[in-house]
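Data block below; observations after.
The values are calculated or read from the model by the stated rules, or taken from the named source; none is laboratory data. Everything numeric in this text was worked out from a predicted model, so none of it was measured. Methodologically, a virtual Cβ is constructed for each residue, glycine included, from the backbone with ideal geometry; neighbour enumeration extends over all protein chains shown. Note: areas computed on protein heavy atoms with side chains; ligands, DNA, RNA excluded. Shrake-Rupley method; radii C 1.70, N 1.55, O 1.52, S 1.80 Å.
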Amino acid sequence: MMVAQPPADTLVQPRSAAESPGMTNQGVRLCGISKFYENFPALKNVSIDIAPGEFLTLLGPSGSGKTTTMMAIAGFTDVTSGEVYIEGRRVDMLPPHKRNIGVVFQHLALFPHLSVEDNLAFPLRMRGVKEAAIATKVRSALELVHLSAFADRLPNQLSGGQQQRVALARAIIFDPPVLLLDEPLSALDRKLRESMQNELKNLQRKLGVTTVMVTHDQEEALAVSDRIAVMNNGEVVQLDTPEMLYEKPNSLFVADFIGHSTKLEGVVTSLTQTGCRVRTKGGMELSGQPTDAPVGSTVSVVIRPERFAFDAATRDDNHAFGQIVESTYAGDAVTYSIKTESSETLMVKLNNLKNTRHPVMGDRTQVSWKVTDTMVFATDR
């Protein structure tokens, strides 16, 4: 396939290793990497510093560039421009096998005809490690993932979770500086996936290996990551901790993409010292957090479902009256849809506390929420 040159302003001139800012970061550094397929920009000037031992997740919708970014680190995709550093060494000119990276793919790619022990020994034999040392490393890796009793089994004799642990052990047995995880838990059922999330994070912390994971599962990303890079249209739109992404998204896209929320459309009617006043399309008046949108501009208001309360609002709170038109019981919580007097729908989540009366379908009720929990974004951001 012919690869066209990107626009001139996206090109990054190569630097020598001595001149590279990557020398100050001994984890992974992406310096302005771009990837063009003919005239399509799969990545646009992506720069990320990943600290040694950090667990970073690339999260975004399909086509956002997250997998292309991971493949650029691994060397399975050549970048059109920009630089990739691992432990301070520039590697974007090197083939994958010379980057010494551990990779766990979505489809685990275990050798079906080899035992668990031989699957783990394979990458060591390929590196010329002596058999005595291989036996020691395999034994230690099996102990690490709690599979010592399964060394002689074939992959098809293992459960999905056990196969996953074998793949992880094979990826880290040669002590790689970086571990790449390509949607590693997507094939597992929900309960096993949640259990494996804990195992994965505990293993990563124990090893201290710099880890980059690609996933489309927001809950998984929030659960295991030190930081998350939210991507869209080939760009990193926010790079932050899970808490900050959820609590302080920097754009409507991130607020809408991370977690669940009620989203209302409206117009800014006035600006205050602490925020703004908004009139929604249905006529609801509310106060929200600061926005750079001027008076008269169209905005989106985002409120997380757990921030609503079924009680009388204080003077400073936002509030709305409405009727419960739908309820969903999920064991630990109940989610309600409330049709307000302004004909807008609020999604409200209430923890399932024992000996607490919960509203039921058809109830008329008042909900309130704090101004500080009311996020306002210009709709074009």
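Of the listed pairs 44/201; 263/349; 248/370; 44/66, which have alpha-carbon separations greater than 20 Å here? The partial results should precede the final answer.
Values: 44/201 30 Å; 263/349 15 Å; 248/370 15 Å; 44/66 12 Å.
Exceeds cut-off: 44/201.
In debye, nearest 20, what is the charge dipole magnitude of the chain about its Cα centre with +1 on Lys and Arg Cβ and -1 on Asp and Glu Cβ, if you could check? Present the calculation step by step, with values, prior to reporting the outcome.
Working: 39 positive and 43 negative charges, 123 e Å.
About 580 debye.
Rolling a 1.4 angstrom probe over the protein heavy atoms, how many square angstrom per residue are accessible across the chain? Provide the component values of the computation, followed by the final result.
On the way: 18700 Å² over 381 residues.
The answer is 49 Å² per residue.
Evaluate E = 1/(1 + (r/R0)^6) for residue 152 and residue 223, where r is the Cβ-Cβ distance and R0 equals 35 Å; express this FRET efficiency to the nearest 0.05. List each step's numbers first, then the result.
On the way: r = 33 Å, r/R0 = 0.96.
Step by step, r from the Cβ atoms, then E = 0.55.
Rg (Å, one decimal) plus Dmax (Å, integer) for the alpha carbons of segment 107-170?
Rg then Dmax for segment 107-170, in Å: 10.8, 31.
Mean projection of the alpha-carbon convex hull of segment 284-372 over all orientations, in nm²?
Values: hull surface 26.2 nm².
Approximately 6.6 nm², given one-decimal rounding.
Trypsin sites (Lys or Arg not before Pro), restricted to segment 98-132: which are DSSP loop and have at most 15 other Cβ atoms within 10 Å?
On the way: sites: 98, 99, 125, 127, 130; in loops: 99, 127, 130.
Counting only loop positions with at most 15 other Cβ atoms within 10 Å, the trypsin sites (Lys or Arg not before Pro) in segment 98-132 are 127, 130.
To one decimal place, what orientation-averaged projected area in nm² is obtained for the convex hull of the Cα set of segment 210-345? Walk me through the numbers before you get to the answer.
Details: hull surface 42.0 nm².
For segment 210-345, averaging the hull's shadow over all directions gives 10.5 nm².
Segment 258-281 to segment 77-152: how many Å between their Cα centroids?
What the calculation gives is 50 Å, centre to centre.
Can you compute the helix-only [θ] at 222 nm over the chain? Use -39500 (n - 2.57) per DSSP H run of at least 4 residues, normalise by all residues, nearest 500 deg cm²/dmol. Don't skip to the end; give the middle numbers.
On the way: 8 runs with 84 residues, N = 381.
So the helix-based figure for the chain works out to -6500 deg cm²/dmol.
Tell me whether segment 41-106 comes out rounded, prolate or oblate; compute the Cα gyration tensor, take square roots of the eigenvalues as a ≥ b ≥ c, and use a/c under 1.5 as the rounded threshold. Kindly include the intermediate steps, with their values, before the conclusion.
Numbers: a/c = 1.37, a/b = 1.21, b/c = 1.14.
Taking the square roots of the gyration eigenvalues as a ≥ b ≥ c, segment 41-106 is rounded.
If N is the number of residues in segment 68-144, what value comes out of its Cα radius of gyration divided by 2.2 N^0.38 Å?
On the way: Rg = 15.2 Å, N = 77, 2.2 N^0.38 = 11.5 Å.
Expressed relative to 2.2 N^0.38 Å, the Cα Rg reads 1.33.
Compute log10 of I(q)/I(0) for segment 30-176 with the Debye formula, placing one identical point scatterer on every Cα and leaving out solvent, at q = 0.21 Å⁻¹, to two decimals.
-1.23
Express the carbon and sulfur contribution to the solvent-accessible surface of the chain as a percent, rounded to the nearest whole number, probe 1.4 angstrom.
Details: 9530 of 18700 Å².
That share works out to 51 percent.
Which three lengths, in whole Å and largest first, does the chain cover when its Cα atoms are put on their principal axes?
74, 57, 36
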